[in-house]
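The values are calculated or read from the model by the stated rules, or taken from the named source; none is laboratory data. Keep in mind that what you see is a predicted model, and the values were worked out from it rather than measured. Ideal geometry is used to build each Cβ from the backbone, glycine not excepted, and the neighbour counts take in all protein chains shown.
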Amino acid sequence: MKIDSIKIAEIAGVSRSTVSRVLNNHPNVSKKNREKILKIIDEYNYIPNLNAQTLAGKKNKVIGIFIYEPNMINRTTAMDTAYFMNFTDTVVKEAFLKNHQILVDYIKDSNDEKRIETFFKNGNVCSGIFIGFLKNNLFLEKMIESEYKVVVVDYDTKLNSKAKQTLYINTDDYGGAAAAMEKILNKNNNKVLFFSGDMKKLSGVERERAYIDTLNNKSIIVDRNLIYESDYSKEKAYKNMKKVLKNKIEFDSIFSASDNMLFGVVRALSEEKIDYKKLEIWGFDNLKYTVPMGLKTVSPMLKDTAKKSIEFLISDSITSTVEYTKTKLVENISDYFED
């Protein structure tokens, strides 16, 4: 059954303007009506088409942010890290300055991939930013090789040879993690407990590589008993920290590949009445509560990443390239105000 916004309004028993507000993610809609409309949209697989506006001479200025999250039903998914939320918020602000709008969506399976591809085909978005994808993702590789203009964040260091209009933009995960490790080791620590991220993602690989290389450069033996794969999960990091304490594994400092995992670590320490503030502890991502909690972190320059992404997407460039953005060490509130 073919359906449009008028029919959706009729089925939902609301005005067409209410449907429009839901489609544009406007906050001024009751929770009941929003859920009712979204359910109808999902049932009929409705996708609003912007081609009419384009044919009327209006240039499409909607940029999509597509976040890979295969475990949407799991409450401990990457959404809880707030990293994606921070990034999205920054992109929205940069897009606004360039008179563009942002559409945000999650991708969890092949059905979502088809839906996102339809967004591009129907002209619902003029370009897209893809984040959180595992290396060699077939769908993303297809988008990279397509005629669409896309940005992929923290995905790979090597450009796909068939990429047509793609910007690979990566955080300097290795440099940031190595700088944090230098800080830890320079305080005479040599038993650094490490909570690694998702090793199927570029950031996970680079942050662990920096941990190992920095130890080797200081002639400190890499003790695999101090490395705990936690997949960027706060719950996994919590359980791993509990395991460390139960098994009485010796450590003198902690480095977590993400602040989200660090929150789980701190929870485990606090439950055992261990004052984490007396330890040298570092995280990565500079989430909202990290520094106020007395923790140290590596801050990705999200504003630079967002700015470069938007500039590339709205430019006339038809080349593909790889770029990196710097990181900054944040040890206390005053670091926020330094250049």
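Here are the numbers:
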{"read-out": "Index of the failed condition, Phe133 passing every other in (1) in contact (Cβ under 8 Å) with a residue 24 or more places away in the chain; (2) farther than 12 Å from Phe66 by Cα; (3) part of a loop (DSSP other than H, G, I, E, B)", "value": "(2)"}
{"read-out": "Where Asp80 falls short, out of the listed (1) outside any helix (DSSP H, G or I); (2) at pLDDT below 90", "value": "(1)"}
{"read-out": "Search result, residues across the range 235-261 that are in a helix (DSSP H, G or I), of a type outside the set (A, V, I, L, M, F, W, C) and under 22 Å from the mean Cα position of the chain (by Cα)", "value": "Glu235, Lys236, Tyr238, Asp259, Asn260"}
{"read-out": "Ala210 among the small types (Gly, Ala, Ser) and surrounded by 22 or more Cβ atoms within 10 Å (Cβ to Cβ)", "value": "yes"}
{"read-out": "Residues that are part of a strand (DSSP E or B) and hydrophobic (A, V, I, L, M, F, W, C), drawn from the range 87-121", "value": "Ile102, Leu103, Val104, Ile107"}
{"read-out": "Residue in the range 276-309 that is modelled with the highest pLDDT, counting only those that are over 16 Å from the mean Cα position of the chain (by Cα) and among the polar types (S, T, N, Q)", "value": "Thr297"}
{"read-out": "Residues within the range 316-339 that are over 19 Å from Asn170 (Cα atoms) and at pLDDT 90 or above, tallied", "value": "2"}
{"read-out": "The one condition in (1) buried (at least 23 other Cβ atoms within 10 Å of the Cβ); (2) of a type outside the set (Asp, Glu); (3) at pLDDT 95 or above that Tyr238 fails to fulfil", "value": "(1)"}
{"read-out": "Spans of strands (runs of 3 or more DSSP E) in the range 150-211 with at least 3 residues over 21 Å from Ile318 (Cα atoms) and among the aliphatic types (A, V, I, L, M)", "value": "none"}
{"read-out": "Hits in the range 212-234 (condition: under 18 Å from Tyr276 (Cβ atoms) and either in a loop (DSSP other than H, G, I, E, B) or not basic (Lys, Arg) (or both))", "value": "Leu226, Tyr228, Ser230"}
{"read-out": "Those residues of the range 41-58 which are modelled with pLDDT of 65 or more and either part of a loop (DSSP other than H, G, I, E, B) or crowded, with 17+ Cβ neighbours inside 10 Å (or both), in sequence order", "value": "Ile41, Tyr44, Asn45, Tyr46"}
